[in-house]
């Protein structure tokens with residue numbers, strides 16, 4: 001019996017072992033399958049993460065090129081040039097002869113006795129004494145022989161308008177450049193400040209961790225602990241504020257370029273520095289502002305020239321060729337009876353002796369407009385001079401600040417090294433070292449602000465003083 005019991009026990013143990021091995025094998029397979037699935041999911045997540053973290057890179061030259069192609073103001077200015085060129089064609093058309101055609105048909109009924117009726121002409125009125133259907137066709141050719149320069153002056157005005165519109169297009173491009181450099185500098189500065197403030201936030205959070213331990217150990221006052229929390233909150237608020245400013249500037253940049261920018265995955269390149277002498281420009285007559293106003297004055301002088309000759313005599317040559325047909329009772333026969341009637345060639349002189357002083361008033365109006373344009377030119381140049389002088393003085397101040405910032409940076413870095421040595425020797429706490437690092441980062445924010453502003457002003461002076 002004992003042997004049988006042992007055999008049964010061995011059989012049961014072997015069955016249990018086999019079942020255990022089977023279940024273990026199943027579990028291993030399940031774990032292996034789960035690992036493969038998890039690995040695939042991780043690969044998918046990594047791919048998605050890589051796609052989402054794609055970083056776009058922009059620089060000012062690229063932004064300017066895209067804005068040049070997309071700018072609504074430049075497109076409108078281009079249309080203005082094309083419209084003014086059509087105005088030249090309109091003015092040039094006055095040099096060509098004018099060919100006209102007219103046709104008329106009428107029925108005349110004589111209400112008086114035919115014997116008593118005679119042809120009567122009173123002024124421009126002509127009384128036909130006949131009862132009949134009449135049809136007439138006429139071709140008229142006229143040409144302005146001489147008008148004392150009115151026609152030529154009008155053509156010069158139209159050509160001058162083309163020059164003005166082309167200069168205004170260049171002025172629009174200059175304004176676009178200045179607007180873009182200002183927007184780009186705001187984006188670059190906001191991006192730099194966000195990055196530096198994120199580093200400050202890490203340091204302040206570390207300090208908060210240290211102070212939390214000290215506070216829990218009853219070795220720090222509640223006031224100091226609250227101050228640490230307030231510092232972290234302030235930095236977070238500053239980052240949020242800078243992000244909102246950055247997004248606003250990016251929205252305007254999208255308006256100028258037609259591109260979409262991701263605030264989280266965007267790298268902004270520094271403004272390229274060039275060997276540009278900010279004091280080299282002295283001749284204001286070479287600026288685009290001066291040229292636009294000068295050509296506007298020249299155009300108005302031509303308009304005054306034309307206006308003074310508007311009432312001068314005009315000598316015209318003309319030629320007329322008429323075909324005439326008539327019938328007393330039948331209209332179709334009057335049309336079918338049209339035959340050459342007469343041909344005439346002549347010269348006419350037309351002038352207006354009195355127009356109620358209208359032309360004289362127009363001359364006075366144009367003269368006042370000319371004086372106004374001269375004052376506007378002087379004002380524009382004075383504003384240009386003041387703006388340029390202000391930019392130059394601001395740049396001098398910023399360059400001086402940059403030199404001082406470099407010296408302060410060196411001192412702060414020396415202080416950081418000394419503080420680090422003291423921390424390693426456990427003479428002071430890591431909190432003080434982090435405070436020094438925060439001071440360095442805060443100083444770097446101001447230094448970056450001065451540097452970016454100086455680069456933007458230098459670029460702005462270069463754009464503003466470009467000769468056209």
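Taken residue by residue, segment 285-305 has at least one member that is exposed (fewer than 10 other Cβ atoms within 10 Å of the Cβ) and outside any strand (DSSP E or B). Criterion applied to 66, 75, 85 was being under 30 Å from residue 304 (Cβ atoms) and not assigned by TED's automatic domain parsing to the domain that holds residue 339, and the one residue passing it is 85. Of the residues screened, residue 387 is one that is within 30 Å of residue 445 (Cβ to Cβ), in contact (Cβ under 8 Å) with a residue 60 or more places away in the chain and surrounded by 10 or more Cβ atoms within 10 Å (Cβ to Cβ).
Residues that are in the same structural domain as residue 389 (by TED's automatic domain parsing) and in a helix (DSSP H, G or I) are absent from segment 260-281 altogether.
Residue count for segment 417-468 under the criterion of being closer than 30 Å to residue 387 by Cβ and either surrounded by fewer than 15 Cβ atoms within 10 Å (Cβ to Cβ) or modelled with pLDDT under 90 (or both): the result is 4. When you check residue 110 against the structure, is it at pLDDT below 95 and in contact with a strand residue (DSSP E or B) (Cβ under 8 Å, 6 or more places away or on another chain), yes or no? Answer is no for this residue. Return a yes/no flag: does segment 128-141 have any residue that is surrounded by 17 or more Cβ atoms within 10 Å (Cβ to Cβ) and closer than 30 Å to residue 292 by Cα. The answer is no, given that none of the residues of segment 128-141 is surrounded by 17 or more Cβ atoms within 10 Å (Cβ to Cβ) and closer than 30 Å to residue 292 by Cα. Only one entry of 141, 188, 196, 178 meets the criterion of being within 28 Å of residue 273 (Cβ to Cβ), touching a strand residue (DSSP E or B) at 6+ places or on another chain (Cβ under 9 Å) and in contact (Cβ under 8 Å) with a residue 60 or more places away in the chain, and that entry is 188. Of 314, 365, all but one fail to be free of Cβ contacts under 8 Å to residues at least 60 places away in the same chain and more than 30 Å from residue 105 (Cβ to Cβ); the exception is 365.
This table checks each residue for (1) in contact (Cβ under 8 Å) with a residue 40 or more places away in the chain; (2) in the same structural domain as residue 290 (by TED's automatic domain parsing); (3) within 43 Å of the chain's Cα centre (by Cα).
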| position | (1), (2), (3) |
| --- | --- |
| 401 | yes, yes, yes |
| 417 | no, yes, no |
| 429 | yes, yes, no |
| 433 | no, yes, no |
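Considering each residue of segment 238-250 in turn, at least one proves to be loosely packed, with under 13 Cβ neighbours inside 10 Å, part of a helix (DSSP H, G or I), assigned by TED's automatic domain parsing to the domain that holds residue 388 and at pLDDT 95 or above.
Being without any contact (Cβ under 8 Å) to a residue 60 or more places away in the chain and in a loop (DSSP other than H, G, I, E, B) is not true of residue 82.
The values are calculated or read from the model by the stated rules, or taken from the named source; none is laboratory data. Keep in mind the model is a prediction, meaning the values are calculated, not measured. Heads up, the Cβs are rebuilt from the backbone with ideal geometry, glycines too, and the neighbour counts pull from every protein chain shown.
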